[in-house]
Each structure stands twice: as C-alpha cells, then as structure tokens.
Amino acid sequence: MNTQHLLASDSKDIEQAKDILASGELVAIPTETVYGLAADASNPEAVKKIFAAKGRPANHPLIVHIGAVEQLSEWAKDIPQQAYQIAKAYWPGPVTLLLSKADQATPVVTGGLDTIGIRMPAHDVFATLLKSSGMAVAAPSANPYKKLSPTSAQHVLNSLGGKIAAVLDGGDCTHGLESTIIDLTQKPFRILRSGPVTAAQLSETLGEEVLSPKAHTVAVPGNVTSHYQPNTRVRLVDLAEIESAKGGNIACLHISAIENQGFQSKQMPTDVALYSHDLYRALDEADKWGCEEIWVERPPISDEWLAVHDRLSRAQSKL
Ligand code: TXA
Ligand code: MG
C-alpha cells in the first residue's frame, strides 16, 4: 500500500483524510500528545485494521476520540458527574476518562472489555476534523506494538509506511507523551497511566483524592511492562555511572552537563515539559546511531516526572 503524505496545513488534505476515514481506512493523525492511528470508531472492520497494522493483540483496548462532550453518552453509560467536571477543566486536552462502555459501542474498540477510554484531543487539526465530521475516532499511538510512540509524521512513516492509507502531517506534537488515563469506574478514582495532567491536579479539580499508583499494577491487556522501546537496549543509569564510563559503543541521553566521555551523547532539557516533548524523538535518534546500548540518565524523582519515569522504566524492561 502506498501511504499518502497529507499536509494538515492544506484544507483539501484534511478533507481527504476525512474521506479516507469514512471509507474505512486508516490515517495517522497528529494529536497534542503523540500521533494516533485513527479509524472510524463506529466501523468494526476499520478498527480491526488498526490491530493488524500495529501487530497489536485484539484484546488490547483502544481510546475513542470525540469532538464534542455530547458524544460521551454515545460511547459510555452510567457517567458520573466527575467525568463532566474533568471534561470542563481539561478538555480538549490530554486526559482520557475510563468509563463503563455503552451497550451500543462495538466491543472491537474495547478489546471485549466493558469499560471504555474516551478523550477529546486538543490538536487544532484533529479537533476540527472530529467536529466537522461528527465522527468518533478510535486511535492508539501510531507505532508498531511495543515500540516508541511517534511525535512526528516522519517517525510514523518510518515505522508504519506502506501499512496505512495516509499520514496527516501536522508537525511536532506538543506534549510528546501519551495522555493521563483516569479510571472513573470505581472508587477511589485512580490514575491508570500517568501523563501530562497529574493526580494532584485531578484531585484538586474533583475535590477528592485520586490515587496514583507508583507502578501500573492494573491487570488490563495493553498495560504491558515492556513498551515504548527503541530497537537498541535501553538502560537507566545514574550520573556517577556515566562519569566513570570509559567510552564504549554507547549512546547517552543525559540531563547533567558531562565531560566528553568518548561516546555519542545528547543533552536533554532539565524542564520536564521540554524533556517529555523531546524524549521519544531523542530515543528514536539515538536508536539510529547504531550503538550497543542507549544509556539514559535517571531524571529527578518527583511527581511531575512520574510519566517520564513510567515510560523509561518500560523502555528498559526486558519482561
Ligand atoms: O495520548 C494518547 O492517549 C494517545 C493519543 C493517540 O490519543 N493514545 C494512546 O493510545 O496512547 P494507546 O492505545 O497507545 O494507549 C492506550 C492505553 C492502552 O494501552 C490501555 O492500557 C489503556 O489505554 N486503555 C484503553 N482502554 C482501556 C480500557 N477500557 N481499560 C483499561 N485500559 C484501557
Ligand atoms: Mg501506545
């Protein structure tokens, strides 16, 4: 299949992306978090193509993206009022609500689960596409199963080119890490995946505690330990180990200023938002240096770095 490279700056190309989705094919679309691999969520045959293109097991649930809050009730039922509070505070934006699945929503999207993840993306182009079509779109990150999520159209093309109908190029994603997922189906509410919006922020919005497990302990298909992986093995290391290393075939992503250690390296931002924005791109770049290992300097330990730690620990996991 020839993957079309469409431009989000061209309204004709956005129309074409819409037509491709309506015809049951896949388009990779920019969001404010990472690129999503989109299919019409109401078309089970189209959604099945997502699993095939990614090589993702069919029981791993997908997130449904909507353009208007009113669409929530088409996909979820027994919606608690806290869902609307979060929507009001953070949508459109990088928070996914986990709710009970509406009976009419196809189980292909949820991998057979009776819960469903829903969010309203903030990226202008995606938001416009959803609003003008009235469509709901199922979209996981646009990467092959377990690999790095793409934050640019070129990254999508490198890994899924030839397997999907088109990519809509909207430039770099703002956040660079996937949305926060909050489970509203049981009390106390809790974070299932940390992301740009923290548990503390959500607790404050709701006026009640939102649990934030330090590790993902929830047994849900798709919540796999090894994930977000470049092809080269990743190791989280402390500064002391970097400083005592004597060269070697190593790629190093460091935050601290280091002397030239004789290996390929890249200095990462100290600001957490900038670091998140650059992380997948930097891992993808380091992957291409052809080293034996990618060393990543352990970032500061604090709540705001939780999403980064989550992704890095999965990137280095051998499980
Ligand atoms: O930022 C994002 O959320 C991006 C963009 C494209 O919107 N999407 C994304 O989707 O990260 P994906 O499929 O790569 O990750 C979604 C994760 C799944 O791996 C699963 O762990 C969780 O969301 N999830 C989705 N539906 C769920 C459900 N019904 N129950 C539990 N977890 C669910
Ligand atoms: Mg993903």
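The values are calculated or read from the model by the stated rules, or taken from the named source; none is laboratory data. The structure presented is a predicted model; accordingly, all values stated were derived computationally and were not measured. Neighbour counts run over all protein chains shown; Cβ positions are idealised from the backbone, glycine included. SASA here: full protein model, heavy atoms, side chains in, ligands and nucleic acids out. Shrake-Rupley method; radii C 1.70, N 1.55, O 1.52, S 1.80 Å.
Scanning region 80-114 for residues that are surrounded by 19 or more Cβ atoms within 10 Å (Cβ to Cβ), assigned to a strand (DSSP E or B) and polar (S, T, N, Q) gives a single hit, Thr96. When Pro121, Pro188 are screened for being out of contact with any Ser or Thr (no Cβ under 8 Å at 6 or more places or on another chain) and on the phi < 0 side of the Ramachandran plot, only Pro188 passes. Residue count for region 219-267, restricted to those that are surrounded by fewer than 14 Cβ atoms within 10 Å (Cβ to Cβ) and within 16 Å of ligand 2 (Cβ to nearest atom): 2.
Within region 274-301, being open to solvent by less than 60 Å² (accessible area, probe 1.4 Å) and of a type in the set (A, V, I, L, M, F, W, C) holds for Leu279, Ala282, Leu283, Ala286, Cys291, Ile294, Trp295, Val296. Within region 147-172, if we keep just the residues that are touching a Pro at 6+ places or on another chain (Cβ under 6 Å) and in contact (Cβ under 8 Å) with a residue 60 or more places away in the chain, the residue that is nearest to His309 (Cα to Cα) turns out to be Leu148.
Of the residues making up region 266-305, those that are under 22 Å from Ala240 (Cα atoms), outside any loop (DSSP other than H, G, I, E, B) and in contact with a helix residue (DSSP H, G or I) (Cβ under 8 Å, 6 or more places away or on another chain) are Lys266, Val272, Tyr275, Leu279, Leu283, Ile294, Trp295, Val296, Glu297, Trp305.
Selection of region 261-315 for residues being closer than 14 Å to Leu177 by Cβ, touching a residue at least 40 places away in the same chain (Cβ under 8 Å) and of a type in the set (A, V, I, L, M, F, W, C) yields Ala273, Leu279, Leu283, Leu306, Ala307, Val308, Leu312, Ala315.
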